[in-house]
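> Have a look at this one.
Values in this text are rule-based calculations from the coordinates and carry no lab data. Keep in mind that this is a model prediction, so the values were computed, not measured. Note that each Cβ is placed from the backbone with ideal geometry, even for glycine, and that neighbours are counted across all protein chains shown.
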Amino acid sequence: MVDPKEDPFLDDIDALEDALAADEAAEAAEAADPVLVELDALRAERDALKDRLLRTLAESENVRKRADRDRREGEAYGGAKLLRDLMPVYDNLRRALDAAGDDERAAASAVIDGVELTLRELLNVLSKHGVTPIVPEIGDVFDPQQHEAMFEAPVPGTKAGQIIQVMAEGFILHDRLLRPAQVGVSSMPRS
């Protein structure tokens with residue numbers, strides 16, 4: 001058995017008790033001194049104000065970033081409604097050119113040329129504003145991300161999911177779909 005007077009752990013416990021007593025005495029002396037109490041209160045208030053300031057700065061930076069992102073999106077996609085309203089104009093010009101046969105082209109070549117120039121200029125303006133056409137071809141595979149199936153029909157010699165008719169071209173504004181291409185799709189059963 002170890003003599004309690006020689007146990008080093010008891011010495012550590014005694015040292016801890018002495019340190020705690022000294023801390024309590026210091027706190028009691030500090031509590032008695034109003035200047036130290038006021039200094040501690042001011043430090044606590046300073047720390048709280050600093051925390052609020054840092055949070056406010058972070059929030060204002062987030063607001064600035066959000067406003068910048070919204071401004072960029074507004075510039076890029078703000079005209080989408082107007083561009084969607086121009087799609088029927090494009091479709092009608094395209095239909096007018098497709099409907100003109102050889103006889104009409106010979107009889108009214110100036111009018112046909114004017115319609116072609118107008119359509120070309122409309123495409124140039126759309127391109128300048130980030131609009132690209134989606135022009136599917138007959139035989140392409142239907143892509144639901146870019147095409148809208150207007151009907152399905154079993155057409156011999158085609159595979160299920162192939163485009164069999166293009167009714168209207170689609171358009172993409174930058175990286176967003178403005179209007180899907182309207183197509184007919186084969187529904188032939190798989191053999």
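> If you take the charge dipole of the chain about its Cα centre, with +1 on Lys and Arg Cβ and -1 on Asp and Glu Cβ, which of L20, A41, M167 is farthest toward its positive end?
Of the options given, the answer is M167.
> Considering the alpha-carbon set of the chain alone, what are its Rg and its Dmax in angstrom?
Calculated on Cα positions, Rg and Dmax stand at 39.2, 126 Å.
> Can you give the direction-averaged projected area of the convex hull of the alpha-carbon atoms in the range 103-191, in nm²?
The directionally averaged projection comes out at 7.5 nm².
> Report, by chain and number, residues whose modeled amide H sits under 5 Å from the one on L178, excluding near sequence neighbours (fewer than 5 apart, same chain).
Residues meeting the criterion, in which the H sits 1.01 Å from N, are F171, I172, L173.
> Given H placed 1.01 Å from N in the peptide plane, which residues other than close sequence neighbours of V166 have an amide H under 5 Å from its amide H?
G184
> Also, quick follow-up: Quick one: check the C-alpha center-to-center distance for the range 131-158 versus the range 55-88, whole angstrom.
Measuring centre to centre over Cα atoms gives 33 Å.
> Let me ask something else. Could you check which residue among D140, D85, D14 shows the biggest mean-square fluctuation in a GNM of the chain with a 10 Å Cα cutoff?
D14
> Right, something else. Return the FRET efficiency for the residue pair M167, H129: r is the Cβ-Cβ distance, R0 is 30 Å, and the value is rounded to the nearest 0.05.
Once rounded, the FRET efficiency stands at 0.75.
> Output the antiparallel fraction of DSSP beta bridges having both residues in the range 133-191, as a percent to the nearest 5.
If I count the DSSP bridges inside the range 133-191, around 60 percent turn out antiparallel.
> Given Cβ point charges of +1 (Lys, Arg) and -1 (Asp, Glu) and nothing else, what value in debye, to the nearest 20, does the dipole of the chain about its Cα centre take?
About 2680 debye.
> Here's another thing I want to ask about it. Anyone know which of R46, R176, R95 comes out most mobile in the 10 Å Cα GNM of the chain?
Of R46, R176, R95, the most mobile in the Gaussian network model is R46.
> Right, another one. Applying 1/(1 + (r/R0)^6) with R0 = 41 Å to the Cβ-Cβ distance of S109 and K65, what FRET efficiency is obtained, to the nearest 0.05?
0.15
> Of the GluC sites (Glu not before Pro) in the range 116-191, which ones lie in a loop per DSSP and count no more than 13 other C-beta atoms within 10 Å?
Sparse-neighbourhood loop GluC sites (Glu not before Pro): E137.
> Could you tell me which of N62, H129, Y77 has its Cα farthest along the dipole of the range 49-191 towards the positive end, charges placed at Cβ (Lys, Arg +1; Asp, Glu -1), taken about the Cα centre?
The residue sitting most towards the positive pole is N62.
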